[in-house]
Amino acid sequence: AYKHVPIVEINPLVGIFNNVFSTKVICKVSKYANLKQAILISTDKAVRPTNIMGASKRISELIVQGFSEMVKNDDKSECCFSIVRFGNVLGSSGSVVPLFKKQISNGGPITLTHPEIVRYFMSIREAAQLVIQSAFLSRGGEVFLLDMGKPIKIRDLAEQMIFLSGLTLKDDNNSNGDIQIVI
């Protein structure tokens with residue numbers, strides 16, 4: 001699945017095709033092969049989607065739930081379809097952390113799309129545990145979520161990463177700082 005907002009926003013038709021139609025194909029094959037389980041890894045962006053990536057993942061969720069209902073009414077298949085929704089996984093290829101590290105190592109600036117954006121974060125370990133737990137708990141059609149606590153402002157994360165790198169923020173209050181944040 002394409003789960004990175006910029007990739008899908010730049011290539012909306014490919015993103016929709018990949019996320020939506022691939023989900024349908026995987027569900028059909030899972031049902032046909034009578035697999036024990038099929039779990040869709042979704043995203044918190046599927047909740048009240050504000051972009052194409054979130055909308056495509058929400059449609060994927062509806063497809064999985066539709067197949068779950070189909071299997072419940074079908075004596076020939078017992079595949080258990082379920083969904084796991086993630087927030088941002090720290091350290092994954094889609095996380096802002098590797099991007100910010102690269103921008104800091106290049107001397108900046110760190111780039112943000114908006115100063116007030118907030119995100120929920122989880123570790124790779126938490127993400128893996130959630131998938132394993134959902135596989136055990138699933139009875140079909142559920143959407144599993146991890147309580148990720150309070151959202152974090154992306155700007156605060158960027159500032160913290162600058163500080164943890166032993167550098168200082170370059171802004172109106174500190175024109176001699178090391179790394180600037182650009183919106």
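The values are calculated or read from the model by the stated rules, or taken from the named source; none is laboratory data. Keep in mind the model is a prediction, meaning the values are calculated, not measured. Positions of Cβ are backbone-derived with ideal geometry, glycine not excepted, and every protein chain shown enters the neighbour counts. With ligands, DNA and RNA removed, areas are computed over all heavy atoms of the protein, side chains included. Shrake-Rupley method; radii C 1.70, N 1.55, O 1.52, S 1.80 Å.
Sort out which residues of segment 41-73 are part of a loop (DSSP other than H, G, I, E, B) and either within 18 Å of Val8 (Cβ to Cβ) or in contact with a Phe, Trp or Tyr (Cβ under 8 Å, 6 or more places away or on another chain) (or both), and write them in order of number.
Val47, Arg48, Pro49, Thr50, Asn51
For Arg85, the criteria (1) part of a helix (DSSP H, G or I); (2) open to solvent by 30 Å² or more (accessible area, probe 1.4 Å); (3) basic (Lys, Arg) hold in every case but one, which is (1). Selection within segment 41-64: residues that are more than 21 Å from Tyr120 (Cα to Cα) and in contact with a helix residue (DSSP H, G or I) (Cβ under 7 Å, 6 or more places away or on another chain). The member of this set that is most open to solvent (accessible area, probe 1.4 Å) is Ile59.
Among the listed residues Asp172, Asp156, identify the single one that is more than 17 Å from Pro98 (Cα to Cα), free of Cβ contacts under 8 Å to residues at least 24 places away in the same chain and of a type outside the set (S, T, N, Q).
Asp172
Does Val182 fit the bill of being β-branched (Val, Ile, Thr), in contact (Cβ under 8 Å) with a residue 40 or more places away in the chain and open to solvent by less than 50 Å² (accessible area, probe 1.4 Å)? No; evaluated as a whole, the condition is false for this residue. When Lys101, Lys76 are screened for being in a helix (DSSP H, G or I), touching a residue at least 12 places away in the same chain (Cβ under 8 Å) and surrounded by fewer than 16 Cβ atoms within 10 Å (Cβ to Cβ), only Lys101 passes.
What is the residue count in segment 118-158 for residues that are among the small types (Gly, Ala, Ser) and in a helix (DSSP H, G or I)? Outline the logic, then answer.
In the first step, residues of segment 118-158 are kept if they are among the small types (Gly, Ala, Ser); the result is 123, 127-128, 134-135, 138, 140-141, 149, 158.
Now restrict to residues that are in a helix (DSSP H, G or I): 127-128, 134-135, 158.
Result for segment 118-158: 5.
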